[in-house]
Amino acid sequence: PQKNKRKIATSNKLTFDQIGGQESAKQELREALDFMVRHEEIKKFGIRPIKGILLTGPPGTGKTLLAKAAAQYTNSAFVASSGSEFVEMYIGVGASRIRELFREAKTRATKENKESAVIFIDEIDVIGGKREGGQQREYDQTLNQLLTEMDGIYTSDSPRILLVAATNRKEMLDSALLRPGRFDRHIQVDLPDKRGRRHILELHAVNKPLSKDVSLDKVADESYGFSGAQLESVMNEAAIYAMRDELDEIEQGHLSLAIDKVMLGEKTDRESTE
Ligand code: ATP
């Protein structure tokens, strides 16, 4: 059988401070996590544990970052995967990969001497999409396995498991995933507003030489509708323009050009020369 290849499966340190904007998403997530770590009381009150948190919103808004920060915040091991990794030609492979993912999370937590693990599944809609009219799909088994694993999460388990999943199509999810006891908490992760954009730009400017004339406020104004990922690209492209002009610093004009470039969605020079 094919080895389970994972794009991102790191325990890189990342805190909520390194995520720009998204104040309400961060707040809601922290509240849910603060509640979850009180497992003794939760047990005493007979409260059903939160097993899953669903992050919903457009691509590139920081959902993966939030999941990583959640792991850091709760001192948990972090294991990441994407829904598309579980879609296979052969029936049963997806389901066994789900099992592997949960097993890996537990192993990693034990190895890292941690009491809990956060499992992140991006694009959950790929495996958790609506099952229409009793139609059997090749990956139903995968979804069933995920539900089984979620149902098997208990507060008293050691290491504890928290599933964080992301989608930009919540309306597509099968109702089984949205039932109480599954993804109980839904957190909306929207495109950043102007303040959020400014914050994200600042975060991505820390290691870059900006001319003192640069106004990130102006950049935030000009980048209406941009996601965090696009703003990261803007800073990066601007630095490339400055370098190309053989200057020591990034100037306002470079940032404006970079906004246009990202807006047009052109491939970056870096990508095309790689
Ligand atoms: P997708 O749904 O496409 O997986 P996502 O919402 O998970 O997207 P991330 O992978 O978290 O988005 O973000 C991609 C990159 O964009 C990050 O690595 C970071 O560089 C930048 N980024 C996105 N949002 C933010 C943010 N709020 N603050 C700082 N950087 C951000």
Any chance segment 110-127 includes a residue that's β-branched (Val, Ile, Thr), at pLDDT below 90 and away from the ligand (no atom under 16 Å from the Cβ)?
no
Could you say which residue among 134, 181, 94 is part of a helix (DSSP H, G or I), small (Gly, Ala, Ser) and at pLDDT below 90?
94
From the options 64, 107, residue that is polar (S, T, N, Q) and within 22 Å of residue 34 (Cα to Cα)
64
Does segment 53-91 hold any residues that are closer than 20 Å to residue 188 by Cβ, in a helix (DSSP H, G or I) and within 14 Å of the ligand (Cβ to nearest atom), and which are they?
63, 64, 65, 66, 67, 68, 69, 70, 83
Can you find a residue that is of a type in the set (S, T, N, Q), more than 10 Å from the ligand (Cβ to nearest atom) and under 19 Å from residue 260 (Cα atoms) anywhere in segment 187-206?
no
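The values are calculated or read from the model by the stated rules, or taken from the named source; none is laboratory data. These numbers were taken from a predicted model, which means no experiment stands behind them. Neighbour counts run over all protein chains shown; Cβ positions are idealised from the backbone, glycine included.
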